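Some notes on the structure that comes next.
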Amino acid sequence: MITLAVDAMGGDSGLDVTVPGATAFLKQQSDVRLIMVGDEVCLGEALKAAGAPMNRIEIKHASQVVDMDEQPQLALKNKKDSSMRVAVNQVKEGAAQAAVSAGNTGALMATARFVLKTIPGIERPAIAKFLPSQGTHTTLMLDLGANVDCTAENLVQFAVVGSELVQALYPENGQPRVGLLNVGSEDIKGTAVVKQAFKLLKVANLNFIGNVEGNEIFSGKVDVVIADGFVGNIMLKTIEGMVKFMGGAIKQEFQANIFTKMGAVAASPALKGFKNRFDPRKFNGAIFLGLRGVVVKSHGGTDALGFSFALEEAYHEAKADSLVRIEQGVATQLAVLAEKKLEAENAAMANNIE
């Protein structure tokens with residue numbers, strides 16, 4: 001059985017979303033149990049009203065809740081018995097293989113990093129998310145906002161953890177193709193940090209395909225896209241806004257007159273397919289990569305269906321034993337990079353002596 005710890009009180013709607021979402025998820029997966037963390041009385045009543053399968057649910061009481069606008073450091077310092085903190089503690093203690101929360105992103109990252117620590121060799125955890133692309137393909141993109149300023153070494157570390165996660169989840173697809181988000185495909189383009197990251201990625205033991213531009217993220221030609229948190233977050237928000245714009249524009253065009261309304265009826269199956277394919281709830285669940293534990297962040301404003309998909313993401317990572325794969329991959333990859341760096345330094349020293 002896979003065990004997930006759930007912050008039942010987090011998010012914009014708390015129990016109104018997490019409980020029905022968890023109930024729906026449990027009905028879909030038979031080999032999983034949940035540790036639901038929150039106010040014991042309120043949580044118990046909500047689960048009973050939802051008809052949740054209590055034989056696979058453990059309620060763990062937490063006396064505090066982290067507010068959605070609370071400062072991360074204050075939440076970390078003053079709310080040690082919050083539903084968020086207790087849920088992450090379950091992963092630290094080995095009671096659960098992953099934790100899921102729809103709560104305050106900054107507070108969750110601060111809490112997860114403090115409690116779980118980072119994998120040896122990884123300086124900073126990153127926020128990663130799978131995005132839709134051509135066919136049935138998905139693309140993992142990171143960092144999406146955890147680290148606004150990054151070094152070239154940070155970007156390489158993101159590439160390593162991202163590649164290992166995709167390999168763990170989809171081993172049948174071969175070695176993941178890694179691309180560095182840039183303003184052009186040429187290696188002479190980009191900021192100084194991006195150019196240095198390109199050089200390091202070329203000698204890393206990764207399937208690095210070079211720079212990729214924003215319009216290639218959805219092409220199906222790349223499996224992992226690397227960027228700093230500043231660029232990545234802007235890209236993500238732009239994508240979300242464009243999807244909403246397209247949906248609204250299509251609806252507006254089909255409602256323009258009687259003829260376009262008739263066309264909408266004929267095109268209804270295709271429109272439903274389009275809506276289903278790009279439904280943001282299906283891609284809910286951002287992964288905190290680089291930690292010594294699996295933590296998934298659900299969108300705070302999602303509904304029950306969206307929250308169930310965040311649980312699904314955590315479930316698949318836990319079942320694939322992705323953390324073990326990532327830790328082993330990081331150790332191997334960083335050893336290779338250290339060897340390459342030493343070789344370059346020795347070569348430079350030899351040239352200077354000559």
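The values are calculated or read from the model by the stated rules, or taken from the named source; none is laboratory data. Because the structure is a prediction, the values reported are computed rather than measured. Note: ideal-geometry Cβ built from the backbone for every residue, glycine included; neighbour counts use all protein chains shown. Just the protein is used for accessible areas: all its heavy atoms, side chains included, with ligands, DNA and RNA removed. Shrake-Rupley method; radii C 1.70, N 1.55, O 1.52, S 1.80 Å.
Those helices (runs of 4 or more DSSP H) of the stretch 1-93 in which 1 or more residues are surrounded by fewer than 21 Cβ atoms within 10 Å (Cβ to Cβ) and in contact (Cβ under 8 Å) with a residue 40 or more places away in the chain occupy 15-28, 83-92.
Each row is one residue, and each column tells you yes or no for (1) among the acidic types (Asp, Glu); (2) in contact (Cβ under 8 Å) with a residue 60 or more places away in the chain; (3) touching a Phe, Trp or Tyr at 6+ places or on another chain (Cβ under 6 Å).
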{"position": "Ser268", "(1), (2), (3)": "no, no, no"}
{"position": "Asn284", "(1), (2), (3)": "no, no, yes"}
{"position": "Val295", "(1), (2), (3)": "no, yes, yes"}
{"position": "Asp303", "(1), (2), (3)": "yes, yes, no"}
{"position": "Tyr315", "(1), (2), (3)": "no, yes, no"}
{"position": "Ser322", "(1), (2), (3)": "no, yes, no"}
{"position": "Glu343", "(1), (2), (3)": "yes, no, no"}
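Total residues in the stretch 195-251 satisfying the condition of being under 16 Å from the mean Cα position of the chain (by Cα) and assigned to a strand (DSSP E or B): the figure is 3. Residues in the stretch 151-176 that are more than 18 Å from the chain's Cα centre (by Cα), open to solvent by 10 Å² or more (accessible area, probe 1.4 Å) and on the phi < 0 side of the Ramachandran plot: Thr151, Glu153, Pro171, Glu172, Asn173, Gln175.
Selection of the stretch 134-169 for residues being in contact with a strand residue (DSSP E or B) (Cβ under 7 Å, 6 or more places away or on another chain) and in a helix (DSSP H, G or I) yields Leu155, Phe158, Ala159, Val161, Gly162, Ser163, Leu165, Val166. A residue that is over 16 Å from Ala227 (Cα atoms) and either open to solvent by 60 Å² or more (accessible area, probe 1.4 Å) or in contact with a Lys or Arg (Cβ under 9 Å, 6 or more places away or on another chain) (or both) can be found somewhere in the stretch 187-201. In summary, Ala256 fulfils each of the numbered conditions (1) of a type in the set (Gly, Ala, Ser); (2) out of contact with any strand residue (DSSP E or B) (no Cβ under 8 Å at 6 or more places or on another chain); (3) open to solvent by less than 40 Å² (accessible area, probe 1.4 Å) with the single exception of condition (3). The residue pairs whose first member lies in the stretch 188-202 and is on the phi > 0 side of the Ramachandran plot, whose second member is in a loop (DSSP other than H, G, I, E, B) and surrounded by 18 or more Cβ atoms within 10 Å (Cβ to Cβ), and whose beta carbons are closer than 9 Å, counting only pairs six or more residues apart or on different chains, are Gly190/Asn182. Within the stretch 96-125, take every residue that is touching a Gly at 6+ places or on another chain (Cβ under 6 Å) and not in a loop (DSSP other than H, G, I, E, B) and give me the one that is surrounded by the fewest Cβ atoms within 10 Å (Cβ to Cβ). Among those residues, the one meeting the criterion is Thr118. Here Gly248, Gly285, Gly263 are screened, and the one residue that is touching an Asp or Glu at 6+ places or on another chain (Cβ under 8 Å) and either under 25 Å from Leu181 (Cβ atoms) or open to solvent by less than 50 Å² (accessible area, probe 1.4 Å) (or both) is Gly285.
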